[in-house]
Amino acid sequence: MKLALLVPYVAMVIGLYIFKSGWIAFILYHLLILGFLIYSKKLSSWKNMFKGFNLGFAFGAILFGLMGGIILYFLSPYAGVESKLTPVLTSLGLTGGIWMAFVIYHFLINSWFEEFFWRDYLGSDKKGFVFSDFVFAGYHLLVLALFLSWPWWILSFAILSFAAWFWRHLRRKYNGLLMPILSHIAADASIMLVAYFISL
């Protein structure tokens, strides 16, 4: 299980920094996740992704996810995103229709993989922060470092660590992954769509 914590780091370094490809990074990330789930025989618990819904708290969970895009929208002029985004996307092969396809893939597919991997396979029922929360936040910095000025990495790490804890809390409280998945989809969708419109 400890080796599994390295999965996103390996995928991002190979995909983004060696092959300079956003697609390679995330396809490799998801394939490695599948590999660990198959090897550990955890795919049999896939039904957990459709359990644990709570209508009363769903709005709040989704709103929490949407805050990611809202924060990006208002802070992007100060964090260096607007000036770096398009050149970096171009260097990663994410332009035109390919970029739009990546945006759609990212928020429709990535959230399911990540919640199953981080909150189920690598999950913990502890109420406080756990090591995997920070590892989850940390790998995002390999991506964000391409777009953000370095002082913003600390804020990003803090927000992402809290998000990891919050989604793990949802999984524990409602005994299923559907709530964190919906919240995570909202986060990925809002962030990627804001990034898309900034890049136009």
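The values are calculated or read from the model by the stated rules, or taken from the named source; none is laboratory data. Fair warning: this is a prediction, and the values are worked out from it, not measured in the lab. Positions of Cβ are generated from backbone atoms using ideal geometry, with glycine treated the same way; all protein chains shown enter the neighbour counts. Calculation scope for accessible area: heavy atoms of the full protein, side chains included, ligands and nucleic acids excluded. Shrake-Rupley method; radii C 1.70, N 1.55, O 1.52, S 1.80 Å.
Read through the list (1) closer than 14 Å to Glu115 by Cβ; (2) open to solvent by 20 Å² or more (accessible area, probe 1.4 Å), then give the number of the only condition that Tyr39 fails.
So Tyr39 meets the others, but not (1).
Go over the candidates Tyr17, Tyr29 one by one and state the one that is closer than 29 Å to Ser91 by Cα, touching a Pro at 6+ places or on another chain (Cβ under 8 Å) and either at pLDDT below 95 or among the hydroxyl-bearing types (Ser, Thr, Tyr) (or both). Outline the logic, then answer.
On the way: Tyr17 fails: touching a Pro at 6+ places or on another chain (Cβ under 8 Å).
Matching residue, one of Tyr17, Tyr29: Tyr29.
Would you be able to say whether some residue in the stretch 147-166 is of a type in the set (Phe, Trp, Tyr), open to solvent by less than 60 Å² (accessible area, probe 1.4 Å), touching a residue at least 24 places away in the same chain (Cβ under 8 Å) and within 27 Å of Ile24 (Cβ to Cβ)?
Yes, the stretch 147-166 contains a residue that is of a type in the set (Phe, Trp, Tyr), open to solvent by less than 60 Å² (accessible area, probe 1.4 Å), touching a residue at least 24 places away in the same chain (Cβ under 8 Å) and within 27 Å of Ile24 (Cβ to Cβ).
Considering only residues of the stretch 35-66 that are aliphatic (A, V, I, L, M) and in contact (Cβ under 8 Å) with a residue 24 or more places away in the chain, which is nearest to Ala101 (Cα to Cα)? Reasoning before the result, please.
Initially, the stretch 35-66 is screened for residues aliphatic (A, V, I, L, M), giving 37-38, 43, 49, 55, 58, 61-63, 66.
Now narrow it down to the ones that are in contact (Cβ under 8 Å) with a residue 24 or more places away in the chain: 37, 49, 58, 61-63, 66.
Working: Leu37: 26, Met49: 24, Ala58: 27, Ala61: 26, Ile62: 23, Leu63: 24, Leu66: 20 Å.
By that ranking, first place goes to Leu66.
Cβ-Cβ under 6 Å, sequence separation 6+ or interchain: first residue in the stretch 1-25 and in contact (Cβ under 8 Å) with a residue 40 or more places away in the chain and on the phi < 0 side of the Ramachandran plot, partner part of a helix (DSSP H, G or I) and of a type in the set (Ser, Thr, Tyr). Which pairs?
Correct list of pairs: Pro8/Tyr29; Pro8/Tyr139; Tyr9/Tyr139.
Only helices (runs of 4 or more DSSP H) wholly contained in the stretch 1-115 count here; list those with 1 or more residues that are closer than 23 Å to Lys173 by Cβ. Steps first, please.
On the way: elements: 7-12, 22-39, 55-79, 81-91, 96-105, 111-114.
Counting at least 1 such residues, we get 55-79, 111-114.
Name the one entry in Leu63, Leu89, Leu34, Leu75 that is of a type outside the set (Gly, Ala, Ser), over 19 Å from His184 (Cβ atoms) and modelled with pLDDT of 95 or more.
Details: Leu63 fails: over 19 Å from His184 (Cβ atoms); Leu34 fails: over 19 Å from His184 (Cβ atoms); Leu75 fails: modelled with pLDDT of 95 or more.
After applying the criteria, what remains is Leu89.
Would you confirm, using the coordinates I've provided, whether Phe136 is under 20 Å from Pro8 (Cα atoms) and either crowded, with 17+ Cβ neighbours inside 10 Å or hydroxyl-bearing (Ser, Thr, Tyr) (or both)?
Numbers: under 20 Å from Pro8 (Cα atoms): yes; either crowded, with 17+ Cβ neighbours inside 10 Å or hydroxyl-bearing (Ser, Thr, Tyr) (or both): yes.
Yes.
Listed here are the residues, each with its yes/no results for (1) part of a helix (DSSP H, G or I); (2) closer than 20 Å to Tyr105 by Cβ; (3) within 15 Å of the chain's Cα centre (by Cα).
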residue: Ser156; (1), (2), (3): yes, no, yes
residue: Ile159; (1), (2), (3): yes, no, yes
residue: Trp165; (1), (2), (3): yes, no, yes
residue: Lys173; (1), (2), (3): yes, no, no
residue: Ile185; (1), (2), (3): yes, yes, yes
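So if I check each of Ser76, Ser124, which one is farther than 25 Å from Leu16 by Cα, surrounded by 15 or more Cβ atoms within 10 Å (Cβ to Cβ), touching a residue at least 40 places away in the same chain (Cβ under 8 Å) and not aliphatic (A, V, I, L, M)? Outline the logic, then answer.
On the way: Ser76 fails: farther than 25 Å from Leu16 by Cα.
Exactly one residue qualifies, and that residue is Ser124.
Does Lys51 count as of a type outside the set (A, V, I, L, M, F, W, C) and surrounded by fewer than 13 Cβ atoms within 10 Å (Cβ to Cβ)?
Values: of a type outside the set (A, V, I, L, M, F, W, C): yes; surrounded by fewer than 13 Cβ atoms within 10 Å (Cβ to Cβ): no.
No.
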